[in-house]
1. The conditions are (1) on the phi > 0 side of the Ramachandran plot; (2) touching a residue at least 24 places away in the same chain (Cβ under 8 Å), and ASN78 fails exactly one of them. Which is it?
2. I'd like to verify a number: residues in segment 35-56 that are free of Cβ contacts under 8 Å to residues at least 40 places away in the same chain, over 11 Å from ILE70 (Cβ atoms) and aliphatic (A, V, I, L, M), how many?
3. For MET108, work out the one condition from (1) surrounded by 14 or more Cβ atoms within 10 Å (Cβ to Cβ); (2) farther than 26 Å from LYS3 by Cα; (3) among the aliphatic types (A, V, I, L, M) it doesn't fulfil.
4. Give segment 81-99 a look and list any residue that's touching an Asp or Glu at 6+ places or on another chain (Cβ under 8 Å) and either in contact (Cβ under 8 Å) with a residue 60 or more places away in the chain or surrounded by fewer than 16 Cβ atoms within 10 Å (Cβ to Cβ) (or both), or say none.
5. What do you reckon, is ASN90 closer than 26 Å to LYS3 by Cα, part of a loop (DSSP other than H, G, I, E, B) and more than 14 Å from the chain's Cα centre (by Cα)?
6. Mind listing whichever residues of segment 31-56 are among the aromatic types (Phe, Trp, Tyr) and touching a Cys at 6+ places or on another chain (Cβ under 8 Å)?
7. Here is a check on your reading of the model: is LEU9 touching a residue at least 60 places away in the same chain (Cβ under 8 Å) and crowded, with 18+ Cβ neighbours inside 10 Å?
Amino acid sequence: MTKPFKILLVEDNPLNQKIVSFNLQKEHHAVTIAEDGKTALELFEKERFDLILMDIMMHGMDGLETSMNIRKIEKKNNLTHTPIIALTANTLDNDREKCLHYGMDEYMAKPFRMSKLNDILDILGLT
């Protein structure tokens, strides 16, 4: 088990919000939900998070653009790098590389599994 994190979950699907946040809260993580990229950026400008879980396919600003904008905010304000993990149903060969190109740190295919997230956190050195 990892230490408790303050996590921003950026997900536009209400069912996915419930499933992911339930699993995270079972592990004692604090979860803030943003239902779209614009809301995620507003929340990110107001408070710090230990980790961001970012859906890729969202209405309006998608997860790629949102991640790129988070990196711009960090740079502009000289903030510490916040790990961003992509959550996506897309599993094509180049999807992971695309996510990394837009500033994400890792990639996680849906459906969400806590064990997979823990593996990624371990790889990123966050455990």
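1. (2)
2. Residues flagged as free of Cβ contacts under 8 Å to residues at least 40 places away in the same chain, over 11 Å from ILE70 (Cβ atoms) and aliphatic (A, V, I, L, M) within segment 35-56 amount to 0.
3. Here MET108 meets the rest and fails (2).
4. HIS81, LEU87
5. no
6. none
7. Considered against the rule, which asks whether it is touching a residue at least 60 places away in the same chain (Cβ under 8 Å) and crowded, with 18+ Cβ neighbours inside 10 Å, LEU9 comes out as no.
All of the numbers you see were taken from the coordinates with simple rules; none came from a lab. In this text the structure is predicted, and so the values were computed from the model without any measurement. Every residue, glycine among them, receives a Cβ derived from its backbone with ideal geometry; neighbour counts consider all protein chains shown.
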